[in-house]
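What follows is calculated from the coordinates using simple rules that are stated; it is not laboratory data. Computed from a predicted structure; not experimentally measured. Note that we place each Cβ from the backbone using ideal geometry, even for glycine, and neighbour counts take in every protein chain shown.
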């Protein structure tokens, strides 16, 4: 039923931080063009904040009557049609989202953690209450990434996703590659610039990327992929030497979030990879994000843009608000669904197959390379190239870099274990997977 | 009103060429997953073809009762809800589209020429008859490009579009850049590979790109931009020398479709440009397409993928069919609108401002450069760099390459006219605009 009686759409905003504040500004500044898109005005009815937010200049300007620090008061406001959650984190956001959906409110959220961990449950709740749950801003800032899977690529069977979806780590890796600095000084610089938080663990260890990958993979593969299903390695063990060798070999190093599916299983992992330096993903610099999607009809499509920040994220949040409001005006209830097909298993990390880059510190004497290549050969790992790098004549050690052909992770891990026990191997400098 | 009574959605397909044939195949092969998306099956009810198509193996397989060569018979079929036009070209497609919309059918088309020339009229007709007109496949094959402007970027004021939207010319330019071959041999190769048609005029002269730019600009700027509003230059006057100098100067040469707007005017043009070789657009190779969009909130977003071909185009057509079918099931009528705001003017080409690359063949004797730079200076064109290239001692000529600072097109054209009349200037080798 087209809701011709609707005079306005009421918005309830939760959170007045960087994202929430910007969303409130856009709702005011662009009120006219948004009303035109929807067919009636979008009116901010209530803003749930923390006590400390009340003193913010923006809050003062908007007028105290709009604000409450009390969730009960917020949810008691009858004129709210759409709840916009811009709090972030799991708690209390999850509880608020459930409360909003159960109360028959359409929901828009930018919260990757809640959607990654509880998306299936929340979408079921939305369907039950015939409302929409939208989360475009949870991945990739303003880059359209959720909508393509829900609409534009709907005819495709998606075989793979290859994504740079954490700007902090991409900034750090870009600096390490360009300036030859080590991880810790690149991290410090990122912190100075506000690209990395004081506690950078979630970004640096790949956890943030894993949340986003869980969302994308669940949507693309129609199977619930949980954050804990994702093999996750961060970037802190990369050294400037790895970047130097990568460059010599024609590769860039990126933290990739990778999801693939075949008929039986789903492969999901976040870790540093070597990628060919002439690939588009290798050109993604600084805090930018990019997502490469492979579908059976569309082939390879790449989306590139700013993956974070108040303005880009508000672009996605507002688009979701407009879409929810249009549905309300048109009388459309829930469209939300992660149609989850049971049956596919998550492929154990030990079973994945990739090429590998290995950097070893070895004793600099005859016969050592033969011992090392024998270990790899015993595990069916064949070598595509070996480069012996500078020797240290005092310590009588040398560094070698080995690139392998595709091998199984399990075999590689066993080989690494054996290599570690060879007396001629002084140190496993690093090993990094390679994606073509 | 939700149309709960709908047991199936009837599809009428016009055209069984490369695109139409592929759409028919996907409708059959993916019937189950499409039905799931829509909530009921999509059933092909009638296919309008030319007589020669009836003998195609695909037509034989699908069964003769589905086919008609008679438009009247096609439009008399009562069970068609959605008309899919895959004929291409202006006539008779335009007439068919009008007939379908006037008959209350939702329409999906891949026809850039009709949408570029008659989009506003057709969308008004769709609105009048409360049906949808969808045209995602008209630009950029399977890359989502129409949907982002209609939905995802709706909160943005779009300031610029920079697009490589013709695969044929991008293939030719890629070969010229990589292999150092001239235009005509790169074109021949493209024709051999089926990337260029026997009559390549529409692609090579930028006409195809101008159709697509007219669609994107109309949508992004909410102002009707017609193909004839677009300044259009092709790639045939580029020589291998230009590519050589571009590389030396740190640029790539691409055929860009450019649209910009300011408060008063819209600038739309298709022509070869120098772009910095480290920009993402410079990395777009072969038949790939890419579109860079600049919005006030989202910043720069880039979309990259296969811009043509049966499979990618069918991805977009099917997505539009599913979207139309969902609206039918939900009881939603027309959403189609190019909200056209009157008032903005198309900026005359003479008023645009860019940097320029100039290649001149000059007499090789003292004082010549002074004469040339004086002409440019007289027209307020300041020079950023001059390189004198190889001299021909027999002809006593030399080639010089000049890069200018930003200058007005009118000034540059007047300067070129004067340069042409200098006796020391043997030939204007080429001039190409530069985009940063």
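Kindly identify segment A:150-306 as rounded, prolate or oblate by the Cα gyration tensor criterion: order the square roots of the eigenvalues as a ≥ b ≥ c, call it rounded if a/c is under 1.5, otherwise compare a/b with b/c, prolate if a/b is larger, else oblate.
Verdict is prolate for segment A:150-306.
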Heads up, segment A:62-132 by the C-alpha gyration tensor (a ≥ b ≥ c square roots of eigenvalues; a/c under 1.5 rounded, else a/b over b/c prolate, else oblate) looks oblate
Between residue B:33 and residue A:390, the FRET efficiency computed from the C-beta separation at R0 = 51 Å comes out, to the nearest 0.05, as 0.35
Out of A:214, A:190, A:31, a Gaussian network model of chain A with alpha-carbon springs under 10 Å gives the largest mean-square fluctuation to A:31
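Under the definition of partner shielding as Cβ atoms of other protein chains within 10 Å of a residue Cβ, what is the mean value for peptide B:300-312?
Partner Cβ neighbours, averaged per residue: 6.
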Contact order relative to length for segment A:349-434, counting C-alpha pairs under 8 Å separated by 6 or more residues, stands in percent at 48
Taking N as the number of residues in segment B:31-91, the ratio of its alpha carbon radius of gyration to 2.2 N^0.38 Å works out to 1.25
dims of the protein assembly as shown, Cα set, principal axes, largest to smallest, nearest Å -> 78, 77, 68
As a Kirkwood estimate from alpha-carbon pairs, chain A has a hydrodynamic radius in angstrom of 23.6
Scoring segment B:146-305 by relative contact order with C-alpha pairs under 8 Å, at least six apart, yields a percentage of 34
Chain A, Gaussian network, Cα under 10 Å: of A:18, A:394, A:301, the residue fluctuating most is A:394
By the C-alpha gyration tensor axes a ≥ b ≥ c (rounded if a/c is under 1.5, else prolate when a/b exceeds b/c, else oblate), the shape of segment B:1-109 is oblate
Counting other chain Cβ atoms within 10 Å of each Cβ in B:54-61 and taking the mean gives 0
Here the tail fraction of P(r) beyond 16 Å, over all Cα-Cα pairs of segment B:224-284, rounds in percent to 53
Residue-normalised 222 nm signal for chain A, counting each DSSP H run of n ≥ 4 as -39,500 (n - 2.57), nearest 500 deg cm²/dmol, is -11000 deg cm²/dmol
Per-residue Cβ contact counts at 10 Å, fewest first, order A:68, B:109 as A:68, B:109
Under 15 Å by backbone N from the virtual spin label 7 Å along Cα-to-Cβ at residue B:237, the residues of segment B:366-382 are none
Highest GNM mean-square fluctuation among A:133, A:13, A:153, for chain A with Cα springs under 10 Å, belongs to A:153
In nanometres, the difference between 0.36 nm per residue of separation and the alpha-carbon distance of residue B:61 and residue B:77 is 3.7 nm
Computed over chain B: longest principal axis from alpha-carbon atoms vs helix B:207-221 long axis, angle to nearest 10 degrees, is 70
Simple spin-label estimate for residue B:436/residue A:50, 7 Å along Cα→Cβ, in nm, reads 4.1
So, in nm and shortest first, the distances from residue A:43 to its counterparts in the other copies, with label points 7 Å along Cα→Cβ, work out as 4.7
Inter-copy distances for residue B:410, nm, shortest first, label points 7 Å along Cα→Cβ, are 7.5
Descending packing, highest mean Cβ count within 10 Å first, for B:76-83, A:313-320, B:229-236 is A:313-320, B:229-236, B:76-83
Computed over chain B: longest principal axis from alpha-carbon atoms vs helix B:167-179 long axis, angle to nearest 10 degrees, is 40
Extend 7 Å from the Cα of residue A:264 along its Cα-to-C-beta direction; within segment A:207-222, residues with backbone N under 20 Å of that point are A:221-222
Chain A: relative contact order from alpha carbon pairs under 8 Å, six or more residues apart, as a whole percent, is 17
In degrees rounded to 10, the 0-90 angle between helix B:183-192 Cα long axis and the longest Cα principal axis of chain B is 20
For residue B:124 and residue B:198, extending 7 Å from Cα along the Cα-Cβ vector and measuring point to point gives, in nm, a value of 4.0
For peptide A:136-144, the mean count of other chain Cβ atoms within 10 Å per residue Cβ is 4
Output row for residue A:103: copy-to-copy label distances, label 7 Å along Cα→C-beta, ascending, in nanometres, one decimal, is 5.0
Per principal axis, largest first, the Cα atoms of segment B:351-434 extend in Å by 41, 21, 17
